[in-house]
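The block underneath contains the structure these notes are about, expressed in structure tokens.
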Amino acid sequence: MDAQGGFTRSIGREFALSASLGADAEVRNVDSSTNAESNKMQFGGGSFFDRRNSLLASLAMGPTAQRVTVNVYPGVLSGVLAGVLRDVGGWGAASCDGRFIYGVAHRRALRLGVGHGTIR
């Protein structure tokens, strides 16, 4: 669980870059006798890049299980190889215990993708 607030700066007529700060729930505790739930909150933040209010890429960092998360959405890589990667997106995360997960998604595959993770 997290909540963030921030600001957005326009870059030209089409693009914008946003930065945010907020709080992330680091640890969730449930008291077994009362079923009362409590969370330990820590600071977190992120940056977001969009074109005409459509998210293109994001970077989020915080104290949660996934310390750093990066997303590059389909359509962003279209200029890289003259449209070959137009429908491909990628994502990755680094966990607090040193594991990495990453993967790719394809726009025409019902927004589904494949991923891989490391296990210690």
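What follows draws every value from the coordinates through simple rules; no lab data is involved. Predicted model only: the values in this text are computed from it and were never measured. Quick reminder, even Gly has a Cβ in these numbers, built from the backbone with ideal geometry, and neighbours come from all protein chains shown.
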How much length is gained on full extension from residue 53 to residue 7, taking 0.36 nm per residue of separation minus their Cα-Cα distance?
15.2 nm
Cα-projected label distance for residue 33 with residue 66, points at 7 Å along beta-carbon direction, nm
3.7
Above 20 Å lies some portion of the pair distances; for the chain, what is it as a whole percent of all C-alpha pairs?
56
Set the Förster distance to 41 Å, then compute FRET efficiency between residue 106 and residue 21 from the Cβ-Cβ distance, nearest 0.05.
0.80
